[in-house]
Amino acid sequence: MYKKFPNAKILKIDLTKKEIKTEELSGDIYRLYPGGSALGMYLAMQDIKPGIDPLSEENTLVFSVSALTGLPISGISRVNVTGKSPLTGTIGDSQAGGFFPVHLKANGYDAVVINGKSEKPVYLYIDGDEIQLKDAKDIWGKVTGESEEIIRKELGRDDIEISQIGPGGENLVKYACIINMCNRANGRNGMGAVMGSKNLKAIVVAKGKPQKAFDQERFSALAKSVGHRLKENESVAGLGKYGTDGDLEAFSEEGFLPTKNWTTGYFPEGANNITGETMYNTILKERDTCFACAVRCKRVVEVEGMVDPLYGGPEYETAATFGSYCGVTSLEYVSLANQLCNMYGIDTISCGATIAFAMECYEKGIIDKTITEGIDLKFGNEQALPILVEKIAKREGFGDLLAEGSYRAAEKLGKEAIPLSITTKKQEFPAHMPQYKPAVGLIYAVNPFGADHQSSEHDPFLVMPEDSRERTRLAKLGITKGYEDNFTMDNDKVRFALETQKYFSILDTLCLCQFVWGPSWELYGPDELVELCKSGIGWDTSLYEIMQVGERRINMMRYFNKREGFTKEDDKLPERIFEPLIGGPTDGVVLDREAHDKAKELYYEIAGWDKETGNPTNSTMKKLSLDWLLEQ
Amino acid sequence: MEVKVNKKIITIPEGYKVIDLLDHLNYGRNVSVFIDKTQLLMSEYESTQIKENNNIRIIRPLGGG
């Protein structure tokens, strides 16, 4: 009934030697690392030596999809990028949607491994077995929209998908990203800078024919249920209508919208202006989607003479980082900042958060106009946003300092500035407050690649009734305890954080969208995930096996970091999270330090990590079939 | 009749069930409801009658994104 796990086809490019080759990875190994982030880790660990400079030719950059990519069902088209991060110094890991992932797979490749550094800027062109490194001199220095146009003209075809860096990556901005469709970002960890350091401008794939399901009848039943599921699922339907930004104002009303560089959680003067409903009613031009996805959560906005719909529209994180973090109340300027980030290829979260950090430095007198080059960097100055995004991307003047990220900028500005950098492992916080979501705060601290909001489920779903979709699905992961509020941090919450982290880890491995495939509120739950694997590719698996895949990935990442010298000392939230919020309904609220510290200790223990170092023990590595790493 | 919802006193018609209150306040169904500190099951929203002076807490889960 089922079939052997497929082999993976790996395209290996050595830019220094101009070598192109393909390799097969046997299905037995692929099954342990069945795509995306886990496959990226497996491949990166073959090549990356400890202690290398992430922006040197010794780094490896892996683009990977999964054994499932291309099946015609919602939430299936994601590409993962792995390498050593220049922002955090840890392993770097980032996902993006769109159509590029499906077409990379349709060309026959599960991963592309990039090593070395090209002497001159090049782009990689993949059309089935025809692989070429092409001269990128005409597109180097161009923004993403211009590059797309030039590449299409040069190749004389429109049936291609392009994943590329902008000038931000070329100029090695520490949080440069990789963009496809001009608006889908492998946003975090500075993977765009790694690509730029290799003089690789883009990967271009010819469009191909996506794979068909193994058991068409069973798979169709799963795929076709999406209409019914959307109708029944208010959360995902709302996400489709208002985008990820739909709840921004509600966060402010609760007092937990990070505002003015996390000094307060309340933004009454601006939250309504920049929330998803306002976007929907004003500047939204259309809802866009990824391959085969019925949710259509992507925003396309237009402001005549100011914001070009080619570059999409702001997500919640972007609306928060450029909006509330900076005290900016203009949706138009937030959208313009989003556009510029997508044009120049820089992460909207780290960019907006770093500008918010600079604004607080300015308000506190740590920097003045002699440093900002005349820019009045008060919170709320919307006009500063586009100026600074451009300066950062081009590393011009003050922008050169901010291009290093808020932590390194703070180190240069002096000890007064360091507490104003809201980072863990030097990566800026996404817009979910640990004070409101302590389990998310725990994951911000221990996550191998810095603070991340998409690495575990969020606390509020445990407040839902026992018979809700959220709780019944979580119960399948062994998470049965409900809560009367979000704020409790006890042993069961730690288990919730770890088990859902494993689940999200498999989603990033199988390259599935976390809004469609998840452990609680999403369109498809754990049962359907197993069914997708079985009917989609004939993988006779179980929830147990795929949870172990998720756990394996996390441990590989943590092991990578161990080799780099990271320990539990690096798993720290910034002090501000433990200081009282100012104003609004959450005036005086803090994250309970004692509960957080206790939770971290329990997390290490139940993760099978050493309590002294916070790193995986040898027995945990062996349990997860990672002996080979210990022998390296 | 008067009830307290999320710390505010409001007036609603007699005979309201939880589901009517959610509609009245423009909530969807995907929320948590506590009446006098006891959490209801979702399956009880249609049948549970609200009484005068009930202290009601409605929580909408705010997730990721």
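Every number here is computed from the coordinates shown, using simple stated rules; none is lab data. These numbers were taken from a predicted model, which means no experiment stands behind them. Don't worry about glycine lacking a Cβ; one is built from the backbone with ideal geometry, like all the others, and counts go over all protein chains shown.
Structure values in brief
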{"quantity": "Chain A: relative contact order in percent, alpha carbon pairs under 8 Å with at least 6 residues between", "calculated": "15 percent"}
{"quantity": "Length-normalised contact order of the stretch A:225-428 in % [C-alpha pairs under 8 Å, at least 6 apart]", "calculated": "17 percent"}
{"quantity": "The stretch A:8-206: relative contact order in percent, alpha carbon pairs under 8 Å with at least 6 residues between", "calculated": "23 percent"}
{"quantity": "Quotient of C-alpha Rg and 2.2 N^0.38 Å, computed over the stretch A:225-428", "calculated": "1.04"}
{"quantity": "Hydrodynamic radius of the stretch A:8-206 per Kirkwood, over alpha carbon pairs, in Å", "calculated": "16.2 Å"}
{"quantity": "All-pairs Cα distance distribution in the stretch A:431-476, expressed in whole percent, bin size 5 Å", "calculated": "5, 23, 26, 17, 18, 9, 2"}
{"quantity": "Neighbour net charge for A:Gly70 - beta-carbon separation under 14 angstrom, K R +1, D E -1", "calculated": "+4"}
{"quantity": "Kirkwood-based Rg to Rh ratio, the protein assembly as shown, C-alpha trace", "calculated": "0.95"}
{"quantity": "Tail beyond 19 Å, pair distance distribution of the stretch A:247-331 (Cα, percent)", "calculated": "39 percent"}
{"quantity": "For the stretch A:225-428, with +1 on Lys and Arg beta carbons and -1 on Asp and Glu, the positive-most of A:Thr282, A:Met359, A:Leu420 along the dipole", "calculated": "A:Leu420"}
{"quantity": "Span-rule helices in chain A, defined as complete DSSP H runs reaching 18 Å or more along the axis (Cα) with Kyte mean at least 0.5", "calculated": "A:348-363"}
{"quantity": "Listed residues A:Tyr30, A:Leu104, A:Gly75: farthest to the positive end of the dipole of the stretch A:7-108 (Cβ charges)", "calculated": "A:Gly75"}
{"quantity": "13 Å beta-carbon shell around B:Ile12, net charge (K/R +1, D/E -1)", "calculated": "-1"}
{"quantity": "Size of electric dipole in the stretch A:558-632: Cβ of Lys, Arg +1 and of Asp, Glu -1, about Cα centre, debye, nearest 20", "calculated": "300 debye"}
{"quantity": "Pairs of alpha carbons in the stretch A:414-454 whose separation is greater than 13 Å (percent)", "calculated": "50 percent"}
{"quantity": "Within the stretch A:202-251, trypsin sites (Lys or Arg not before Pro) in DSSP loop having at most 14 other beta-carbon neighbours inside 10 Å", "calculated": "A:Lys212"}
{"quantity": "Taking A:Thr144, A:Thr259, A:Thr244 and counting other C-beta atoms within 10 Å, the order from fewest to most", "calculated": "A:Thr244, A:Thr144, A:Thr259"}
{"quantity": "Point-charge dipole on Cβ atoms (K/R +1, D/E -1) for the protein assembly as shown, about Cα centre, debye to 20", "calculated": "1380 debye"}
{"quantity": "Kirkwood-based shape ratio for the stretch A:197-274, expressed as Rg/Rh from alpha carbons", "calculated": "1.23"}
{"quantity": "Candidates per GluC sites (Glu not before Pro) in the stretch A:5-55, loop by DSSP, up to 12 other Cβ within 10 Å", "calculated": "none"}
{"quantity": "Computed over the stretch A:319-371, Kirkwood Rh from alpha-carbon pairs, angstrom", "calculated": "11.4 Å"}
{"quantity": "Which listed pairs, of A:Lys481/A:Lys623; A:Lys260/A:Lys425; A:Lys142/A:Lys209; A:Lys562/A:Lys598; A:Lys426/A:Lys568; A:Lys18/A:Lys105, have C-alpha distances above 26 Å, in listed order", "calculated": "A:Lys481/A:Lys623; A:Lys142/A:Lys209"}
{"quantity": "Alpha carbon convex hull of the stretch A:507-632, projected area averaged over orientations, nm²", "calculated": "10.8 nm²"}
{"quantity": "Value of Rg/Rh across the stretch A:353-482 [Cα atoms, Kirkwood radius]", "calculated": "1.14"}
{"quantity": "Dipole moment magnitude, nearest 20 debye, the stretch A:438-630 about Cα centre, only Lys, Arg, Asp, Glu C-beta charged", "calculated": "600 debye"}
{"quantity": "Equivalent ellipsoid semi-axes - Cα gyration tensor, chain B, angstrom", "calculated": "19, 13, 11"}
{"quantity": "Candidates per trypsin sites (Lys or Arg not before Pro) in chain B, loop by DSSP, up to 10 other Cβ within 10 Å", "calculated": "B:Lys7, B:Lys37"}
